[in-house]
Amino acid sequence: MQIVTIEGVPYDWLKRLQEIHAHVFDGANLPLEKLESKEGLICLLAVENENIIGSN
């Protein structure tokens, strides 16, 4: 496992981040617009074998 730190919107990981968000939050959508509106956004992704297994 590795921790990937991304300043701003994690565009390369967006689809996988949205999938894990929906899984954790009972199908809730994570719209791109919401991420883009966050000032100073820093994403920490726990990644294993090119799959996100956790995020902050």
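Residue count for the stretch 1-35 under the criterion of being more than 11 Å from the chain's Cα centre (by Cα) and touching a residue at least 40 places away in the same chain (Cβ under 8 Å): the result is 3. The residue pairs whose first member lies in the stretch 36-50 and is surrounded by 10 or more Cβ atoms within 10 Å (Cβ to Cβ), whose second member is of a type in the set (A, V, I, L, M, F, W, C) and part of a loop (DSSP other than H, G, I, E, B), and whose beta carbons are closer than 6 Å, counting only pairs six or more residues apart or on different chains, are 36/9; 46/1; 48/1.
Working only within the stretch 1-32, note down all residues that are within 15 Å of residue 52 (Cα to Cα) and of a type in the set (S, T, N, Q). The answer is 2, 5, 18.
Selection over the stretch 24-35 of residues that are open to solvent by less than 80 Å² (accessible area, probe 1.4 Å) and outside any loop (DSSP other than H, G, I, E, B) gives a count of 2.
Looking across the stretch 6-23, the residues that are in a loop (DSSP other than H, G, I, E, B) and more than 14 Å from residue 46 (Cβ to Cβ) come down to 8, 9.
The values are calculated or read from the model by the stated rules, or taken from the named source; none is laboratory data. In this text, all values refer to a predicted model and were calculated from it rather than measured experimentally. Cβ sites come from the backbone with ideal geometry, for glycine too, and all protein chains shown count toward neighbours. SASA here: full protein model, heavy atoms, side chains in, ligands and nucleic acids out. Shrake-Rupley method; radii C 1.70, N 1.55, O 1.52, S 1.80 Å.
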